[in-house]
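The values are calculated or read from the model by the stated rules, or taken from the named source; none is laboratory data. From a predicted model like this one, the values you see are computed outputs, not experimental measurements. Please note: Cβ atoms are built from the backbone with ideal geometry, for glycine as well, and neighbour counts cover all protein chains shown. Just the protein is used for accessible areas: all its heavy atoms, side chains included, with ligands, DNA and RNA removed. Shrake-Rupley method; radii C 1.70, N 1.55, O 1.52, S 1.80 Å.
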Amino acid sequence: MKNLKFTFISSFLILFLVSVANAQSNQDKSSKTVKVEKKKKKKKKKKKVKLPKIDLSHWKVTLPVTRDDGKPYEIDPPEILDFASNEIARPYMYIDSTKGAIVFHAMPTASTTKNTKYTRSELREQMVPGENNVNWTFADGAYMKGKIQMDEVSRDTDGKYHRVIIMQIHGRLTNEQRDLIGEDDNNAPPILKIYWDKGKVRIKTKLLKNLNAVEPEILHEDAWDNDEGFNFEQEVGFRKFTLEVEVSDGKMVVILNGNEYKVYENIHMKKWGIFENYFKAGNYFQSRDEGSYAKVRFYELEVSH
C-alpha cells in the first residue's frame with residue numbers, strides 16, 4: 001500500500017513539474033513574440049536633407065539651353081536663388097539633397113557662347129548682383145575655394161574620359177579698352193582654366209608673346225598664348241577634393257586639397273594686371289561627341305576680395 005501511495009505522489013509531482021515547465025516555455029515564447037512585434041513596429045529613420053554651402057547671391061548661371069533669341073539661357077540674381085523651382089534649369093542645375101551638393105549637368109547642344117563651340121552649366125561671378133561691369137584686378141586681390149566631385153562623365157571613342165573645366169578666372173576689357181581696340185564686346189582671354197582631366201586636376205594659363213607689349217597691343221587676345229599646362233600629382237578621380245585660387249598683384253596660386261601648390265609669379269602675371277577679371281565655377285564641358293555629357297557636384301563654393 002505504501003509503495004502504491006509513493007508511486008502516486010511521484011507521478012503527481014512529475015506531472016506538476018512538466019506542467020510548470022510547459023507554462024514557462026509558453027511564457028518565454030510569448031515574450032519573444034512580443035519583442036519581435038515591438039521591433040517590427042519601430043519606424044525607419046528618415047534620411048537627413050543636406051544642402052550645399054553655397055550662396056548664389058553674387059553669381060549668375062549659363063545653361064546649355066537656347067533662348068528664343070538664339071543666345072544661351074541665363075539666370076541672374078536674385079532669380080538664381082530660386083533655381084530649384086525653375087523648370088528650365090532643373091535638368092542642368094539641381095540640388096542633390098542626399099549628398100548636399102549642387103549638380104551641374106552639361107552636354108553638347110546648340111547653346112554655345114561667343115568664341116567657343118562648347119556648352120556649359122557654369123556660374124559667373126557678379127560682384128554687384130545682376131551687373132557684369134563691376135569686376136576686380138589682380139592688384140585688388142581675390143580668393144575662391146570650392147569643394148568639388150566629378151559625379152559622372154562620358155568617354156570618347158578611345159575609352160578616355162572627356163575633359164571638363166571646373167573653375168576659371170576670365171579676363172574682361174573695360175568699356176574704354178574695348179573701344180580703344182575696336183571690339184564689339186568686353187571679352188578678354190581667361191588667365192586661368194582648371195580642368196578635371198582623366199581623374200587629375202590640370203591647370204592652363206596664358207603667356208604674353210611680346211613682353212614689351214603695352215596698350216593697345218597687350219589688350220588683343222592674339223597677344224597672348226597658351227602655356228604648356230600643369231598637372232597636380234594627386235589623382236582625385238571621382239572623390240571629393242578642394243580647390244583654392246588666390247590672386248594678388250603679379251601672383252596667382254592654385255592649391256589642391258590644402259597640400260599641393262602651383263604658384264605663378266612672373267612677368268606674365270604682372271602684365272596681366274591691365275585686365276579686369278571675374279571667377280567662374282561649374283561644368284564647362286569640353287566635348288561635342290554625340291551622347292557625351294558630364295555631371296559635376298559642388299558641395300561648397302566661396303569667394304572673397
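For the stretch 120-195, the Kirkwood estimate of hydrodynamic radius, built from reciprocal distances between every pair of different alpha carbons, is 15.3 Å. Residues in the stretch 123-250 average 46 Å² of solvent-accessible surface per residue, probe 1.4 Å, ligands and nucleic acids excluded.
With bins 10 Å wide beginning at 0, the percent of Cα pairs of the stretch 118-164 falling in each bin runs 16, 34, 27, 18, 4. Counting only protein heavy atoms and a probe of 1.4 Å, the accessible surface of the stretch 111-181 is 41% carbon and sulfur. Sequence-distant contacts, meaning Cα pairs under 8 Å at least 6 residues apart, place the relative contact order of the stretch 80-211 at 12 percent.
The simple spin-label model puts a point 7 Å past each Cα toward its Cβ; for E302 and T137 those points are separated by 2.8 nm. Legend: residues S85, S121, sorted from most to least accessible area (1.4 Å probe; ligands, DNA and RNA excluded), read S85, S121. Using the structure shown, select from K145/K240; K60/K209; K50/K71 the pairs with a Cα to Cα distance greater than 23 angstrom. Result: K60/K209; K50/K71 exceed 23 Å.
Rg and Dmax of the stretch 151-230, both derived from C-alpha coordinates alone, stand at 16.2, 47 Å. Just so you know, the averaged projected area of the alpha carbon convex hull for the stretch 87-158 sits at 8.1 nm². Taking all protein chains together, E246, E125, E176 sort by accessible area into E176, E246, E125, largest first [probe 1.4 Å]. The calculated P(r) of the stretch 170-304, using every Cα pair and 5 Å bins from 0, goes 2, 8, 18, 20, 18, 15, 11, 6, 2, 0 in percent.
Rolling a 1.4 Å probe across all protein chains gives K198 an accessible area of roughly 100 Å². The stretch 81-144 and the stretch 226-265 have Cα centres spaced 21 Å apart.
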